[in-house]
Amino acid sequence: MIQPAYKKVIVQAPASTSNLGPGFDILGLALDVMFDIVEVTWVDEKSISIEVEGVGSDIIPRNPQKNSAGRTALEFNKWLNKGGFKIKITKGIPPGSGLGSSGASAAATAVAINHLLGLGLDLRKLTEIAAQGEMASAGAPHADNVAPSIYGGWVLIGSYNPLEILAFPPPKGMEFALAIPKGMKKTTEKARSVLPKNVTLSMHISNLGAASIVVAGLLQSDPKLVGKGMLGDQIIEPARTPLYPGFMGAKEAGLSAGAFGVTLSGAGPTVIAVTDNRKKAIEIAKAMKEAFVAEGIECDTYTSHATTGAKVIRTVE
Ligand code: HSE
């Protein structure tokens, strides 16, 4: 019978950018741009309750089945014969932005419950559990946001069945510029529904080559190579571009301002650019914003680095 090790555990998990262009569903990178904080409290009743505050909290479902943290917590039922969880999510990452918002909540919840129950599950297992939680918002158990939010650095999902994850430390010498356009109603489910069901062999070869360039760039901490690879996606970005007015203009502006590569972050609408220093990243972010504004679209901009994964920040005995 499980005896919780703590009454309450609080975990912070970082945002993430997935795909990096051609690495659809297999590449992800943790970013220090924003964080979600999840507080899990043990309760004696067999129930899961969700409270949400912070950015975009008004649109996040409280029903545990429909919430990525709630769905993640439900995955732990098999270890419980009594009791449940009260979950409080403080959103720092805007939902629906393409920055792994639901993935960070799921990741933080998995890490928190593992700690609270003293289960000692490894990071791969926690990723598997949190990816199931992601089903609540993405409609598919992709792991390229939850894995970087849990492991930190960058990850390569080598296989989904069985789940195989290769995790690497944060690449050095890379600075990211982000533009988050406002007022774009997107769901990951919709952004996945526009993708082609089949691709030609030549498209496959191009994307495989481009994704391999991204991987080589990350391994060598070479932002030019990462950017070059990011630009080589022939399948996913072209299919999603019509969903996001202003994206192409922002991409061109970012490249003209000196970015090595620009693409959609995850399923969009955030646009992410890579460069090698903060001053350039600020200029690139400004250029991308001006391009959006010229199309009548307001946006927020940020610069960011790769970072480490989910951390327990407080426990209550
Ligand atoms: N790889 C996923 C996608 C990420 O692009 O649909 C969604 O957050």
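Distance distribution note for the stretch 79-161: the fraction of Cα pairs above 21 angstrom is 26%. For the stretch 220-317, the calculated P(r), taken from all Cα-Cα distances in 5 Å bins from zero up to the bin holding the longest distance, is 2, 13, 22, 23, 16, 10, 5, 4, 3, 2, 0 percent.
Could you work out the Kirkwood radius for the stretch 1-98, taking every pair of different alpha carbons, averaging 1/r and inverting it, reported in Å? After inverting the mean inverse Cα-Cα distance, the result is 14.8 Å. When the alpha-carbon atoms of the chain are used, the pair Rg, Dmax equals 18.9, 61 angstrom.
Among beta bridges from DSSP that stay inside the stretch 1-125, the antiparallel ones total about 75%.
Would you mind putting 98-105, 153-160, 21-28 in packing order, based on average other-beta-carbon counts within 10 Å, highest first?
Values: 98-105: 31.4, 153-160: 19.1, 21-28: 25.1.
Descending mean neighbour count gives 98-105, 21-28, 153-160.
Protection proxy ranking, highest mean first, for peptides 42-54, 167-179, 286-298, 266-278: 266-278, 167-179, 286-298, 42-54, where packing is the per-residue count of other beta-carbon atoms within 10 Å, averaged.
Where a number appears in this text, it was derived from the coordinates with a stated rule and is not lab data. Everything numeric here is computed off the predicted structure, so don't read it as measured data. Positions of Cβ are backbone-derived with ideal geometry, glycine not excepted, and every protein chain shown enters the neighbour counts.
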